[in-house]
Amino acid sequence: QVQLVESGGGLVQPGGSLRLSCTASGSTFSVYHLAWYRQAPGQDRVSVAILSNLNTTNYADSAKGRFTISRDNAKNTVYLQMTNLLPEDTAVYYCNAFRLIEDYWGQGTQVTVSS
């Protein structure tokens, strides 16, 4: 079992930056693939960035060039560095850890981009 806790969300102006963190407890962190998703009001939850346990990455088109996913296995933490934020990035951001049949989610952290 893995418990995930996100932090780092908040209110930021357009063009600003935020770094989200997601810390895991309960199992061997390094074996999991990790991802960040987001869900805007009235919309489906969508993938933003994925980081495999071999450190390969995949980004949504909306995130390419602006967001960076990374992990620190020693700290059981995955990060999402977000730069040049846009109002359309406003959403609840969720971290996800998965492998084989295991699939774990955090509770989400709100990111609001507004002037």
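Things to note:
- Segment 95-111, residues that are open to solvent by 30 Å² or more (accessible area, probe 1.4 Å) and either touching a Gly at 6+ places or on another chain (Cβ under 7 Å) or in a loop (DSSP other than H, G, I, E, B) (or both): L100, I101, Q107, Q110
- Being over 14 Å from S47 (Cα atoms) and of a type outside the set (F, W, Y) holds for only one residue in L80, L85, and it is L85.
- Criterion applied to L85, L20 was being assigned to a strand (DSSP E or B) and either of a type outside the set (D, E) or open to solvent by 20 Å² or more (accessible area, probe 1.4 Å) (or both), and the one residue passing it is L20.
- Total residues in segment 31-43 satisfying the condition of being open to solvent by 60 Å² or more (accessible area, probe 1.4 Å) and among the hydroxyl-bearing types (S, T, Y): the figure is 0.
- Near pairs, Cβ below 7 angstrom, 6+ apart or cross-chain, from segment 14-39 (at positive phi) to any residue that is polar (S, T, N, Q): G15/N84; G26/Q1; G26/Q3
- Members of segment 57-78 found to be open to solvent by less than 90 Å² (accessible area, probe 1.4 Å) and over 21 Å from S27 (Cα atoms), listed by number: T57, Y59, A60, S62, A63, G65, R66, F67, T68
- Residues that are in a loop (DSSP other than H, G, I, E, B), open to solvent by 60 Å² or more (accessible area, probe 1.4 Å) and either under 13 Å from Q81 (Cα atoms) or modelled with pLDDT of 95 or more (or both), drawn from segment 1-16: Q13, P14
- Long-range neighbours under 8 Å by Cβ, at least six apart or interchain, first residue within 13 Å of Q3 (Cα to Cα) within segment 87-115, second surrounded by fewer than 19 Cβ atoms within 10 Å (Cβ to Cβ) and hydroxyl-bearing (S, T, Y): N96/Y104; A97/Y104; F98/Y104
- T28 vs. criteria loosely packed, with under 14 Cβ neighbours inside 10 Å, within 17 Å of K75 (Cα to Cα), over 11 Å from the mean Cα position of the chain (by Cα) and among the polar types (S, T, N, Q): yes
- Among residues of segment 44-86, those that are touching a residue at least 40 places away in the same chain (Cβ under 8 Å) and over 11 Å from the mean Cα position of the chain (by Cα), counted: 9
The values are calculated or read from the model by the stated rules, or taken from the named source; none is laboratory data. Bear in mind that the values here come from a model prediction, so they are computed numbers and not experimental data. Positions of Cβ are backbone-derived with ideal geometry, glycine not excepted, and every protein chain shown enters the neighbour counts. Quick note on the areas: whole protein, heavy atoms, side chains included, nothing else; ligands and nucleic acids left out. Shrake-Rupley method; radii C 1.70, N 1.55, O 1.52, S 1.80 Å.
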